[in-house]
Amino acid sequence: MPKIIFLPHEVLCPDGAVVEAETGKSVLNVALENDIDIEHACEKVCACTTCHIIVREGFDSLAESDELEDDLLDKAWGLEPDSRLGCQAIVADEDLVVEIPKYTINMVSETH
């Protein structure tokens, strides 16, 4: 069973985490099942950017993003080439190393 290594995030998982991930589940669902409360304002339907993640290792094992996800990612805070929406990044057969960005677009709008 593949593993997801969540890099440390000062609020959501200060020490980082290594969790087993069932193939076919989204990175977001795996995180939530392991008490890593990544924000997901649209309830996992690919309608916002709050579950934005950066896949540091294993990115190529994920299915390609579709046009809707790409359009939403263009609005995400801290977008990088290996960015995905956690609700759309489906675990395949390789381990992943995932970084949760410091902010979501919701957090940025609340603080500014």
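Regarding residue 98, is this residue part of a strand (DSSP E or B) and touching a residue at least 24 places away in the same chain (Cβ under 8 Å)?
Considered against the rule, which asks whether it is part of a strand (DSSP E or B) and touching a residue at least 24 places away in the same chain (Cβ under 8 Å), residue 98 comes out as yes.
When you go through (1) more than 11 Å from the chain's Cα centre (by Cα); (2) open to solvent by less than 80 Å² (accessible area, probe 1.4 Å); (3) at negative phi one by one for residue 24, which number turns out not to apply?
(3) is the only condition that residue 24 fails.
Would the stretch 55-70 turn up any residue that is surrounded by 19 or more Cβ atoms within 10 Å (Cβ to Cβ) and touching an Asp or Glu at 6+ places or on another chain (Cβ under 9 Å)?
Yes; the residues of the stretch 55-70 include at least one that is surrounded by 19 or more Cβ atoms within 10 Å (Cβ to Cβ) and touching an Asp or Glu at 6+ places or on another chain (Cβ under 9 Å).
Limited to the stretch 37-72, what total is found for residues that are under 16 Å from residue 92 (Cα atoms) and part of a loop (DSSP other than H, G, I, E, B)?
5
Could you list, in sequence order, all residues of the stretch 73-90 that are open to solvent by 10 Å² or more (accessible area, probe 1.4 Å) and assigned to a loop (DSSP other than H, G, I, E, B)?
Those that are open to solvent by 10 Å² or more (accessible area, probe 1.4 Å) and assigned to a loop (DSSP other than H, G, I, E, B): 74, 75, 76, 77, 78, 79, 80, 81, 82, 87, 88.
The values are calculated or read from the model by the stated rules, or taken from the named source; none is laboratory data. These figures come from a predicted structure and were not determined experimentally. When we count neighbours, we look across all protein chains shown, and the Cβ atoms used for this are built from the backbone with ideal geometry, even at glycine. What goes into the accessible areas is simple: the full protein's heavy atoms, side chains included, and nothing from ligands, DNA or RNA. Shrake-Rupley method; radii C 1.70, N 1.55, O 1.52, S 1.80 Å.
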